[in-house]
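The values are calculated or read from the model by the stated rules, or taken from the named source; none is laboratory data. All of these numbers come straight from a predicted model, not from anything done at the bench. Ideal geometry is used to build each Cβ from the backbone, glycine not excepted, and the neighbour counts take in all protein chains shown. For accessibility, only protein heavy atoms count, side chains too; no ligands or nucleic acids. Shrake-Rupley method; radii C 1.70, N 1.55, O 1.52, S 1.80 Å.
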Amino acid sequence: MSVISPPPLVSLPPPAVPVPFATRMLYGSGTVAFGVKDQGFNALLMLFYNQVVGLPAAWVGAAIMIAMVADALFDPLLGQYSDNFRSRLGRRHPFMYAAALPIAISYLFLWSPPEMSQGGQFAWLVTVAIIVRFSISLYEIPSTALLAEFTSDYDERTKLVAARYFFGVLGGLTMTILTFQFFLKATPTHPVGQLNPDGYVTYAWVAAAVMLVSVLVSSLGTQKHMLTLPVLPPAPRFSLRVMLREILSIFVHRSYVSILLASLFFAIASGLNTALAVYFSTYFWELSPSQIAGLASSGIAGIVLAMVVVLPLSARFGKKRSAMALFVLSMFSGVTPLFLRSIDLFPPNGDPLLLPILMVQYAFSVTCVFAGAILAVSMVADVTDQIQLETGQRSEGLLFSAVILVNKAVSGMGVFLSGLLLALVAFPAQARPGQVAPEVLSSLAITYIAAIMVTSTVAIICLAFYPINRADHAENIRKLGERAG
């Protein structure tokens, strides 16, 4: 159903052509920055500010939630503005270049809170988290929008998304392995490596450097390709009222809303899983930092397997049905170890089988989560063509701004809900492994399982309403070509 009467089109849709392998890799490499940032927010931020700095868990969750609300206001406006931006470097690349330094500098500050009152540290966390997330948006929204501009081919878009996710996950997992294996070392002063504040300083410097390089490499590497695209007509004169009206019209589009809500609830489930994973690893399974690094390394096998299975699944069953099946599998995979432990069917802590079983489970879970997420983002790219057919506008930046916001909900809502759950079960601050009451750990596991089941189920229901399949997409591209001609 059209939300705006379609005016005459002024440009052809992107050609349905293969994207060179080198271009795909350069395009995806910039997502290392997002992966490093997201893994830091998900796996380390709550632990650092709650157990090392000493802020209450609920305060940390609230700070990240405030930053996410600020994102919700900023990201769509940035996406819409980049859609209408014109320069000799194209619509997207000036923003991508401008993001590199702010990302690195703000990420350093995030892990270096000054000594002050808890209220001051809370304000510091809110302010710097907002700057980090805005800086990431400045790169990620224009960069992701390039996806729909490279090609209109149904399967090529999935390959491009897969490249983004591969580098994003690889960057995040590699940084996690380095952090727990080399940075968070136990010392006489800090016998628990995860609670060593000096290790977080080293982590911050390395992470900031990696993020800076990845953004610049990807931006420079894709610049030449984008300059070969046809020059777009001049943008309409800026009007905040028109911009807000266009944003509202997009956000009530059925195809877009269904995939957006499905992605949001799935991201919340994934974020909650990631935010509490280090708590479960440290306090529930009582793993050492090197064992946690080994567990994280199994995720690399998971993302490689996701890259292998996602295209055959899409070709055989379509994007929607494949994503729904993967969402279901990820839901059960994420809660199975905790459920089996609750009924005494899982190896006890210290058992030689415990870590290998957790590694296999984690690799399988990563495969399902990221293969499903790849398909979801690829479906958003297909929505851009349907909306262009209905409105005459190419709104990739606006559409993908919400996708980036959803991806950042992994860290935002994940950290927020994890803070609520930790506060709900009265999890102690600055606790040592082996000294947390069993009933507290049991309550945390039960509430976590319930939250994962609810959010994942809602995601699957929302995805069921997504209407575009391969044949629909091909018809949309054909009509766009005819109308432009």
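A few remarks follow.
- Among residues of region 188-216, those that are at pLDDT below 90 and open to solvent by less than 50 Å² (accessible area, probe 1.4 Å), counted: 6
- Pick from region 171-187, criterion part of a helix (DSSP H, G or I) and of a type in the set (G, A, S), ranking: surrounded by the most Cβ atoms within 10 Å (Cβ to Cβ): G172
- Of the residues making up region 342-362, those that are of a type outside the set (A, V, I, L, M, F, W, C) and surrounded by fewer than 19 Cβ atoms within 10 Å (Cβ to Cβ) are S342, D344, P347, P348, N349, G350, D351, P352, P356, Q361.
- Only one of L338, L264, L272 that is touching a residue at least 60 places away in the same chain (Cβ under 8 Å), closer than 27 Å to I387 by Cβ and part of a helix (DSSP H, G or I): L264
- Number of the condition not met by S82 [criteria: (1) under 30 Å from L184 (Cβ atoms); (2) surrounded by 20 or more Cβ atoms within 10 Å (Cβ to Cβ)]: (1)
- Some residue of region 278-289 being within 19 Å of the chain's Cα centre (by Cα) and within 20 Å of Q194 (Cα to Cα): yes
- Scanning region 89-101 for residues that are open to solvent by 50 Å² or more (accessible area, probe 1.4 Å) and more than 16 Å from L146 (Cα to Cα) yields A98, L101.
- Qualifying positions in region 121-134 - under 22 Å from M211 (Cα atoms), touching a residue at least 24 places away in the same chain (Cβ under 8 Å) and open to solvent by 10 Å² or more (accessible area, probe 1.4 Å): V126, I130, I131, F134
- Scanning region 51-74 for residues that are part of a helix (DSSP H, G or I), open to solvent by 10 Å² or more (accessible area, probe 1.4 Å), at pLDDT 85 or above and not aliphatic (A, V, I, L, M) returns a single hit, W59.
- A search for C-beta distances below 9 Å between a residue of region 80-93 that is free of Cβ contacts under 8 Å to residues at least 12 places away in the same chain and any residue that is open to solvent by 30 Å² or more (accessible area, probe 1.4 Å) and not in a loop (DSSP other than H, G, I, E, B), counting only pairs 6+ apart in sequence or on different chains, returns S87/P94.
- Tally, over region 415-438, of residues that are without any contact (Cβ under 8 Å) to a residue 60 or more places away in the chain and not β-branched (V, I, T): 6
- Close pairs (7 angstrom Cβ cut-off, 6 or more residues apart or separate chains): under 15 Å from W124 (Cα atoms) and among the polar types (S, T, N, Q) in region 41-69, open to solvent by less than 30 Å² (accessible area, probe 1.4 Å) and in a helix (DSSP H, G or I) anywhere: N50/A57; N50/V60
- Hits in region 427-440 (condition: under 21 Å from F416 (Cβ atoms), surrounded by 17 or more Cβ atoms within 10 Å (Cβ to Cβ) and of a type outside the set (G, A, S)): F427
- Condition check for A474: over 16 Å from V257 (Cα atoms), assigned to a loop (DSSP other than H, G, I, E, B) and modelled with pLDDT under 85: no
- Of everything in region 107-120 that is open to solvent by 10 Å² or more (accessible area, probe 1.4 Å), touching a helix residue (DSSP H, G or I) at 6+ places or on another chain (Cβ under 6 Å) and touching a residue at least 24 places away in the same chain (Cβ under 8 Å), the residue that is nearest to L55 (Cα to Cα) is P113.
- For region 341-362, the set of residues classified as assigned to a loop (DSSP other than H, G, I, E, B) and among the β-branched types (V, I, T) consists of I343 only.
- Failed item, numbered, when P467 is tested on (1) crowded, with 23+ Cβ neighbours inside 10 Å; (2) modelled with pLDDT of 80 or more; (3) not in a helix (DSSP H, G or I): (1)
- In region 408-419, the count of residues that are closer than 27 Å to V169 by Cβ, touching a Lys or Arg at 6+ places or on another chain (Cβ under 7 Å) and at pLDDT below 90 is one or more.
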